[in-house]
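The values are calculated or read from the model by the stated rules, or taken from the named source; none is laboratory data. Fair warning: this is a prediction, and the values are worked out from it, not measured in the lab. Because the Cβ atoms are built from the backbone with ideal geometry, glycine has one as well, and the counts that use them run over all protein chains shown.
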Amino acid sequence: MKLPGAVLALLALAPAGALARDDGARLYDTYCSSCHGVHGEGTNVAPPLIGKSAADVHFMIDSGRMPAPAPGVNEIPHAPRFTYAQIDQIVAHVMTLPGQRANASLPVVQAGDARRGGRLYAENCAQCHGALGDGASIGANNVAPDLATATVFQIAEAVRAGPGVMPRFGARALSDRDVDDIAYYVKHVETHADDRNGPNAGGFPLAHIGPVAEGFVAWFCGIGALVLFIRAIGTAGSDA
């Protein structure tokens, strides 16, 4: 079926930005509106998007946390469902929803100083994410995720947006340079953690498989050692 000439002419004259907004609206209606509401007003299963910053919305989609597999699930980062262009379109659409206006800009990450970033990370991030970004449980079914797969841009977004229970660090708390340095420190840890002279928090890293798995390893080894000790005592007693 051929489109009428008038329709083709209108499409040709339509600004590219308008077409992009239409794509963003379509994607939002398909994948987001059932939980967050048609106008981003929120529902009983998902919070409102009105007042959310572009960095917050972009981070949740870019890190694969959204769309969530089910309401109330503690989102785990994984590969995003959308292309970068589609993510930009969805974020642009959310920023046009009626209601309270939020910061529509995204962070711009520059090359940072990993050494200085390490000091800032230790002061502001290590308490939850661990000394080397391996992640940890922070109570009440909340988990500070492993940062091994996070990009420098996602780290900068998270710092500025404060997703979930993470605090939001404004420019007064951490300057743009501070964010750059932290992001590049985390990236340095990702790529050099196993180097001979790379960053090391001490102890046995156990391939950086994370604190929960490492806890099970420690528990298994401890129980195993205890069983062997009890067996040795029992054997010694029977030989007496």
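To keep it simple, each residue is scored yes or no on (1) among the small types (G, A, S); (2) in contact with a helix residue (DSSP H, G or I) (Cβ under 8 Å, 6 or more places away or on another chain); (3) within 18 Å of A161 (Cβ to Cβ).
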residue: C35; (1), (2), (3): no, no, no
residue: G40; (1), (2), (3): yes, yes, yes
residue: G51; (1), (2), (3): yes, no, yes
residue: H58; (1), (2), (3): no, yes, yes
residue: P71; (1), (2), (3): no, yes, no
residue: I76; (1), (2), (3): no, no, yes
residue: Q89; (1), (2), (3): no, yes, no
residue: T96; (1), (2), (3): no, yes, no
residue: S105; (1), (2), (3): yes, yes, yes
Requiring at least 1 residues that are surrounded by fewer than 16 Cβ atoms within 10 Å (Cβ to Cβ), acidic (D, E) and outside the structural domain of G37 (by TED's automatic domain parsing), the helices (runs of 4 or more DSSP H) wholly within the stretch 48-124 are 114-124
Let me confirm something: among V186, V165, V143, which residue is of a type outside the set (S, T, N, Q), at pLDDT below 85, touching a Gly at 6+ places or on another chain (Cβ under 8 Å) and not assigned by TED's automatic domain parsing to the domain that holds M66?
V143
